[in-house]
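Colleague: The structure is given below, and queries will be raised subsequently.
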Amino acid sequence: MEKEKLRIDKYLWSIRVFKTRSLAADACQTGKVRLNGDPVKPSKQVYIGDRYEVKTSARKWVIEVTGLLHNRVDYQTSLQYYIDLTPEEVKQNTPATYAFYTGRRRSKQGRPTKRDKRRLDDFLGGLE
């Protein structure tokens, strides 16, 4: 019986640690993903029970693989495929990124709406 195969870059993307698979692969290539203290390549096979240390722009992760996930799923479902072993002091010191947890942009952030643009044009028009 052959074991199920899954690459580390695809796994990290599917459990929503990275937004894209290429970002996960880049993190592996630059040494930000480690297994037992050793950097791993993006093609490294993932096995249940492995513990990885992952550094992202948002925070540092220590995760244990509890299941193999080949496709990206919603956040709540992805929680079933890993255990977050990150120490509490590390979690508290890093700000939570809203895009990771909800997948949505916070209201009143991002590109201005048509209404915002009209207000800005009215405001700047009065200064000329």
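The values are calculated or read from the model by the stated rules, or taken from the named source; none is laboratory data. No experiment lies behind these values; they were computed from the predicted model shown. FYI the Cβ positions are ideal-geometry reconstructions off the backbone, even for glycines, and counts take in every protein chain you see.
Colleague: Which of (1) assigned to a loop (DSSP other than H, G, I, E, B); (2) without any contact (Cβ under 8 Å) to a residue 40 or more places away in the chain; (3) in contact with a helix residue (DSSP H, G or I) (Cβ under 7 Å, 6 or more places away or on another chain) does Arg16 not meet, given it meets every other one?
Modeller: Failed condition: (2).
Colleague: Need pairs with beta-carbon distance below 9 Å; first residue charged (D, E, K, R) and within region 108-119, second loosely packed, with under 10 Cβ neighbours inside 10 Å and not in a helix (DSSP H, G or I); sequence gap 6+ or separate chains.
Modeller: none
Colleague: To continue, here is another question. Identify the residue in region 89-109 that is under 30 Å from His70 (Cβ atoms) and not in a helix (DSSP H, G or I) and, among all such residues, is modelled with the highest pLDDT.
Modeller: The residue in question is Thr94.
Colleague: Here's something else I'd like to know. Based on what the data block shows, is Pro112 modelled with pLDDT of 70 or more, part of a loop (DSSP other than H, G, I, E, B) and not β-branched (Val, Ile, Thr)?
Modeller: yes
Residues checked against (1) buried (at least 21 other Cβ atoms within 10 Å of the Cβ); (2) aromatic (Phe, Trp, Tyr); (3) in contact with an Asp or Glu (Cβ under 8 Å, 6 or more places away or on another chain):
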| site | (1), (2), (3) |
| --- | --- |
| Ile8 | yes, no, no |
| Leu12 | yes, no, no |
| Thr20 | no, no, no |
| Ala25 | yes, no, yes |
| Val33 | yes, no, yes |
| Asp38 | no, no, no |
| Pro42 | no, no, yes |
| Gln45 | no, no, no |
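Colleague: Starting from region 67-88, take each residue that is part of a helix (DSSP H, G or I) and list its partners that are surrounded by 14 or more Cβ atoms within 10 Å (Cβ to Cβ) and among the aliphatic types (A, V, I, L, M), counting only C-beta distances under 8 angstrom and pairs at least six apart or across chains.
Modeller: Pairs that qualify, where the first residue is part of a helix (DSSP H, G or I) and the partner is surrounded by 14 or more Cβ atoms within 10 Å (Cβ to Cβ) and among the aliphatic types (A, V, I, L, M), are Ser78/Ile15; Ser78/Leu69; Tyr81/Ile15; Tyr81/Val65; Tyr81/Leu68; Tyr81/Leu69.
Colleague: Name the single residue, out of those in region 50-88 being acidic (Asp, Glu) and closer than 25 Å to Thr30 by Cβ, that is modelled with the lowest pLDDT.
Modeller: Among them, the one singled out is Asp84.
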